[in-house]
Amino acid sequence: MTPTSALILCAVLAWVAQIALGWWQLQRFNRAFDRLCMQGKVGIGRSGGRFKPRVVLALAFDKQEKVCDGFLLRGLTIFARPQPVTTLKGMSREQLMSGVIFPKDPNIQTALSLAIEPKS
């Protein structure tokens, strides 16, 4: 096997592994999202960029517009997992001011402000 063939083979294997692991992460996100959807209206916010860790925050609101559940997906790699957000449970939509709740994490602040926006 020539060095060029070996390099191409390594690139193809890395690409296939990235696709498989990305699918695995998406399945975990979808399961967590489906559990939230069973609990009430769901708001989702996302922040981050191409070379910054992304943050996805999903919150389920009950009929009184209070947070009944939520999860946070944060990371730069495909190994990021949905983590439960228990600090927001029971808070009303009006109480969720992103600068007050997460003062040291602007990425979560951005995701929270998008997650609590009323959608039409």
Looking at segment 44-83, I'd like the Rg to Rh ratio, where Rg is from alpha-carbon atoms and Rh is Kirkwood's inverse mean 1/r. 1.10
Karplus couplings for segment 69-77 from phi (6.51 cos²θ - 1.76 cosθ + 1.60, θ = phi - 60°), rounded to Hz, Gly and Pro as x? 5, x, 8, 10, 10, 9, x, 9, 10
Kindly express, to the nearest 10 degrees and within the range 0 to 90, the angle between helix 106-115's C-alpha long axis and the longest C-alpha principal axis of the chain. 60 degrees
With only Lys, Arg, Asp and Glu charged, each at its Cβ (+1 for the first two, -1 for the last two), find how big the charge dipole of the chain is about the Cα centre; round to the nearest 20 debye. 60 debye
Springs between alpha-carbon pairs under 10 angstrom, Gaussian network model over the chain: which of 53, 103, 84 fluctuates most? 103
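Of all accessible surface on the chain at a 1.4 Å probe, what whole percent is carbon and sulfur?
Result for the chain: 63 percent of the exposed heavy-atom area is carbon or sulfur.
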What do you get when you divide the Cα radius of gyration of segment 18-61 by 2.2 N^0.38 Å, with N the number of residues? 1.32
Hits in segment 51-79: amide N under 13 Å from the 7 Å Cα→Cβ extension of residue 11, namely none
Reachable lysines from residue 104, criterion Cα separation under 22 angstrom, eight or more residues apart if same chain: 52, 89
Percentage of interatomic Cα-Cα distances in segment 1-92 larger than 21 Å: 45 percent
Using a Förster radius of 41 Å, what is the FRET efficiency between residue 94 and residue 19 based on their Cβ-Cβ separation? Nearest 0.05, please. 0.45
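The values are calculated or read from the model by the stated rules, or taken from the named source; none is laboratory data. Source: prediction; values computed, not measured. Cβ sites come from the backbone with ideal geometry, for glycine too, and all protein chains shown count toward neighbours. When the accessible area is computed, the model is the full protein with side chains, heavy atoms only, and any ligands, DNA or RNA have been set aside. Shrake-Rupley method; radii C 1.70, N 1.55, O 1.52, S 1.80 Å.
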